[in-house]
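Contents: one structure, followed by commentary.
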Amino acid sequence: MTASAEDRLVEAILDAITDQRLRPGAKLGEQALCDLFGVNRAQVRRALSALTGYHAVTHVPNRGTFVATPTAEEARDVFEARRAIEATIARSAAERASEDDIARLRAHLDLERERRNGDARREEIRLSRAFHLELAEVAGNRVLTDYLSDLTLRTSLILGLYGRAKTGYCGTDDHEGILDAVAARAPERAADLARAHLHSLEAGLDLNERPVPVNALADAFPDRAQVF
């Protein structure tokens, strides 16, 4: 196996966290990952080490490595950081977006709405996160885009732990409002709507400590053969 196999393992775990197939607190056993993906322990350890840089996993001495379980305080900090960053992103996008950018984002919202009206929750979650990252790409600040990628991943963990029953990942209508402000070249309105959207998402959480529902590791990777 080459180093690219480790990269694919990292991506597979990140995708499973984003899709909420891997829940906070799930144990990432080295041997179990070796068996699931046909890699060796050294490769698994390097992949898990890389994942700590994304704040996606935590290592507990003498116990193993687990999907990170953010505290309520960390959840509030993540949303505060996202509001600051995404207000800047929305403002910049309104100033820089081309007509092609806007058309691409509208097509993305159409797909997001289609998934919301159907029964494809995992794809809905993925598309919702992708909208924020695509808007960041339009804004053109690579550093903020990298920070936001990390924060949206951590948000997936927060929603998996603290999201109330039937709470959606994001509101498509909120996304559409932000995009309308971007298309209208209204940077301050876009920034205000981005902040309001994240306030609304945070308000849908129940930030009380509670036991974490954990799933079997193999169940999180039903399509692992396609990864490797």
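The values are calculated or read from the model by the stated rules, or taken from the named source; none is laboratory data. Given the structure is predicted, the values throughout are model-derived calculations rather than measurements. Positions of Cβ are generated from backbone atoms using ideal geometry, with glycine treated the same way; all protein chains shown enter the neighbour counts. Only protein heavy atoms, including side chains, enter the accessible area calculation; ligands, DNA and RNA are left aside. Shrake-Rupley method; radii C 1.70, N 1.55, O 1.52, S 1.80 Å.
Brief remarks on what is shown
- Summary value for the chain: 33 percent relative contact order, contacts being C-alpha pairs under 8 angstrom separated by 6+ residues.
- With an a/c value of 1.5 or above and a/b not larger than b/c for the gyration tensor axes a ≥ b ≥ c computed over the alpha-carbon atoms, the range 72-203 is described as oblate.
- Three-way shape call for the range 1-41 based on the alpha-carbon gyration tensor, with the a/c threshold at 1.5: oblate
- FRET efficiency estimate (nearest 0.05) - Cβ-Cβ, K27 to D180, R0 35 angstrom: 0.20
- Degrees, to the nearest 10: 142-162 long Cα axis against longest axis of the chain: 70 degrees
- Listed values (1) 18.7, 70; (2) 23.1, 79; (3) 18.2, 56, entry calculated as Rg and Dmax of the Cα atoms in Å: (3)
- Loop-located trypsin sites (Lys or Arg not before Pro) in the range 8-73 (DSSP state other than H, G, I, E, B) with a sparse environment of at most 12 neighbouring Cβ atoms within 10 Å: R63.
- Spin-label pair R46/A218, simplified geometry with 7 Å Cα→Cβ offset, distance in nm: 2.8 nm
- On Cα atoms only, tilt of 99-117 relative to the major axis of the chain in degrees: 60 degrees
- Largest to smallest accessible area among S98, S49, S156 [probe 1.4 Å]: S49, S98, S156
- 0 to 90° range, to nearest 10: angle between helix 121-139 axis and the chain longest Cα axis: 60 degrees
- At full extension, L133 and E80 could sit 17.4 nm farther apart than now, given 0.36 nm per residue minus the alpha carbon distance.
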